[in-house]
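Below is one structure, written out as structure tokens, with a few remarks after it.
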Amino acid sequence: MSAFRFAPSPNGCLHLGHAFSALLNADLARASGGRLLLRIEDIDATRCRPEYELATYEDLAWLGVEWETPVRRQSDHLDAYRAALAKLEALGLIYPAFESRTEIARLAASENWPRDPDGAPLYPGTGKAVSAEERHRRIKAGEPYALRLDMDAALARAGALNWRETGEGPGGERGVIAADAAAWGDVVLARRDVPTSYHLSVVVDDALQGVTQVVRGNDLFYATSVHRLLQVLLGLPQPMYRHHRLILDESGKKLSKSTQATGLRELRRKGVTPADIRRLVGLA
């Protein structure tokens, strides 16, 4: 049986973009006789709030979206992410890097510095040159650090990768897509105070929940390359992928949870109905 999932972060109220993705997943699950799972991605303790999680449930129910219970909350499963990190560490594929985001930005001040598909400067890899003794000393001293994937070593182990795209990527891509994880450099998989990252938790969660169909926005199309790499390194199953168009604001930018005009709460207050929402996002 196919299994779909909708996985919002409770760091704000849902907007039209979330509504489109949730309704699309629900429609596809219903049409295929499959399951719809709900996952609360709440690993960012500084921004996620219980009231936003409750609002998510209320808004989805108002839309008519039905999901299986219990809901998986990432904060309840940190041990699963630690186990995945331990496996990668045993393979010699991760290392601590002590530079702050500001320091990395300073290193990458040159306009010719390579950047990842999201526009962030690639990490220069200087942490790999730090000795094991120095790493241990700095960690024991309480210095902040990020655990990064050694991309070159990881790709050498995994080989060429691809995924099957049943939707349409940002450029209309579909079919068998060649993964380019190298474009992301040595990505962060965890930090000292947060034992996972989006990249790591999403592949672990999808595998543990038995997700077979990942339907999500085109803003995550290129990140699929990293997810395929982690799936192979961790021995996890590969789901099918379907990336969909984004709902944009009047200026052509991706919607933000801070944009009240497209928030479901505000639209409900104005008397908009679930049927109106479907029409607004282009669903029959």
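The values are calculated or read from the model by the stated rules, or taken from the named source; none is laboratory data. Because the structure is predicted, anything quoted here is derived from the model rather than measured. Cβ: placed from backbone, ideal geometry, glycine included. Neighbour counts: every protein chain shown.
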- Matching residues in the stretch 164-181 (touching a residue at least 40 places away in the same chain (Cβ under 8 Å) and either surrounded by fewer than 21 Cβ atoms within 10 Å (Cβ to Cβ) or more than 29 Å from Arg73 (Cβ to Cβ) (or both)) number 11
- For the stretch 213-223, indicate whether the set of residues that are among the aliphatic types (A, V, I, L, M) and under 20 Å from Tyr57 (Cα atoms) is non-empty. yes
- With a cut-off of at least 3 residues that are closer than 17 Å to Arg148 by Cα, name the strands (runs of 3 or more DSSP E) lying wholly within the stretch 161-272. 188-191
- Task: Those residues that are of a type in the set (A, V, I, L, M) and modelled with pLDDT of 95 or more, I need them from the stretch 76-116; list them, please.
- Result: Leu78, Ala80, Ala83, Ala84, Leu85, Ala86, Leu88, Ala90, Leu91, Leu93, Ile94, Ala97
- Ala108: crowded, with 17+ Cβ neighbours inside 10 Å, outside the structural domain of Asp276 (by TED's automatic domain parsing) and small (Gly, Ala, Ser), yes or no? yes
- Just one of the numbered conditions (1) buried (at least 18 other Cβ atoms within 10 Å of the Cβ); (2) farther than 30 Å from Phe98 by Cβ is not true of Gly271; which one? (1)
- Residue list for the stretch 130-160, restricted to those being within 20 Å of Val232 (Cα to Cα) and part of a loop (DSSP other than H, G, I, E, B): Asp150, Gly159, Ala160
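Here's the yes/no breakdown for (1) free of Cβ contacts under 8 Å to residues at least 40 places away in the same chain; (2) touching an Asp or Glu at 6+ places or on another chain (Cβ under 8 Å); (3) assigned by TED's automatic domain parsing to the domain that holds Leu28:
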residue: Thr212; (1), (2), (3): no, no, no
residue: Asp219; (1), (2), (3): yes, no, no
residue: Val226; (1), (2), (3): no, no, no
residue: Gly235; (1), (2), (3): yes, no, no
residue: Lys253; (1), (2), (3): yes, no, yes
- Task: Select from the stretch 205-239 the residues that are surrounded by fewer than 21 Cβ atoms within 10 Å (Cβ to Cβ) and β-branched (Val, Ile, Thr) and list them in ascending order.
- Result: Thr212, Val232
